[in-house]
Amino acid sequence: MLLYGRNPVLEALPAGRVSEVVLARGVEDAFARQVQDLAREAGVRVRWLPRIELDQLVGTTQHQGVVAEVEELAWATVDDILDRAEASGEPLLMVLLDGVTDPRNFGAIIRSAEVLGAHGVVVEERRSAPLSPVVAKTAAGATAYLPVAQTKNLPRLIDQLKADGVWVYGAAGEAAQDVTLTDFSGKAALVIGAEGEGMRRLVREKCDVLVSIPVRGQVQSLNASVAAGILLHEMTRGRGKK
């Protein structure tokens with residue numbers, strides 16, 4: 001898989017996922033030197049090509065002058081996420097995506113989840129964007145650290161989590177429960193629905209609590225990835241709040 005963008009490549013090199021790096025001619029800056037140093041340490045070949053060849057290689061001009069050939073992103077399992085939470089000694093914090101198909105939203109949610117301390121993200125197999133270079137670039141390297149898993153049936157997984165004592169919170173703009181006034185202590189999962197449509201009815205009904213973000217403007221809804229970041233911040237800030 002071809003990965004592009006400065007942060008994703010910098011994160012992928014130490015993780016041992018890169019087989020080759022291509023830099024655009026003319027990128028003679030501190031970043032290029034850093035990439036070459038990391039590549040040398042990892043035993044990875046570095047090539048230089050005209051920028052237009054990088055454009056053609058990845059089909060976009062948004063590569064920031066660097067492309068890396070990496071192993072395909074691999075799906076984790078739900079058990080991987082549960083084990084990660086147990087090993088951390090922290091209460092589980094998981095993000096469940098119900099129909100988020102835009103790769104940039106998917107990547108941004110992965111990034112927010114990793115930065116804000118979630119233990120993993122889970123999507124339903126047939127209702128998600130694939131793990132692609134666009135997802136990896138938008139996640140800015142977070143895919144190297146955060147397990148992202150698939151499940152065949154999200155409502156069934158929610159039932160299993162609830163049976164294990166996980167409290168499931170659904171993001172819903174019209175919900176009466178203010179996220180800033182919600183107790184998020186204990187094991188928790190946050191469900192983010194599709195752009196525009198939100199959560200499916202069955203998924204919504206499975207949630208223990210529906211929470212909303214207080215808004216003041218005339219536009220009454222937020223982009224899914226922005227909403228996920230705000231909600232995760234409140235959940236981690238409020239862990240243990242009574």
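The values are calculated or read from the model by the stated rules, or taken from the named source; none is laboratory data. In this text, all values refer to a predicted model and were calculated from it rather than measured experimentally. Here the Cβ positions follow ideal geometry from the backbone for every residue, glycine too, while neighbour counts run over all protein chains shown. Note: areas computed on protein heavy atoms with side chains; ligands, DNA, RNA excluded. Shrake-Rupley method; radii C 1.70, N 1.55, O 1.52, S 1.80 Å.
Remarks
- Only protein heavy atoms count here; under a 1.4 Å probe, ILE109 has an accessible surface of about 0 Å².
- Checking every one of the trypsin sites (Lys or Arg not before Pro) in the stretch 1-40 against DSSP loop status and a limit of 13 other Cβ atoms within 10 Å picks out ARG25.
- Bridge orientation summary for the stretch 1-68: considering DSSP beta bridges with both residues in this region, about 50 percent are antiparallel.
- In the context of the full set of protein chains, the chain has a per residue accessible area of 49 Å² (1.4 Å probe).
- For the chain: rounded, prolate or oblate by the Cα gyration tensor [a/c cutoff 1.5]: prolate
- For LEU93, residues with placed amide H under 5 Å, excluding near neighbours: HIS119, ALA188
- In this structure the amide hydrogen of LEU210, modeled in the peptide plane, comes within under 5 Å of the amide hydrogens of GLY170, none closer than 5 places in sequence on its chain.
- Gained length - ARG25 relative to LEU49, 0.36 nm times residue gap less alpha-carbon distance: 8.1 nm
- C-alpha long axis of helix 78-88 to longest principal axis of the chain, angle in °: 90 degrees
- Accessible area of the chain belonging to carbon and sulfur atoms, whole % at 1.4 Å probe: 47 percent
- Prolate/oblate/rounded call for the stretch 1-68, Cα gyration tensor, a/c under 1.5 rounded: prolate
- Scanning residues 5 or more positions from MET199 or on other chains, those with amide H under 5 Å from its amide H are GLY193, ALA194, with H placed 1.01 Å from N in the peptide plane.
- Phi angles across the stretch 31-46 convert, under the Karplus curve 6.51 cos²θ - 1.76 cosθ + 1.60 with θ = phi - 60°, into 3J(HN,Hα) values of 5, 4, 5, 5, 4, 5, 5, 5, 5, 4, 4, 8, x, 9, 5, 10 Hz, Gly and Pro given as x.
- Rounded if a/c under 1.5, otherwise prolate or oblate - the stretch 118-166, Cα gyration tensor axes: oblate
- Whole-Hz ³J(HN,Hα) from phi, Karplus 6.51 cos²θ - 1.76 cosθ + 1.60, for the stretch 191-201, glycine and proline x: 9, 10, x, 5, 4, x, 7, x, 6, 5, 4
- For the chain, built as a Gaussian network whose Cα springs stay under 10 Å, the top-fluctuating residue of LEU131, LEU38, LEU231: LEU38
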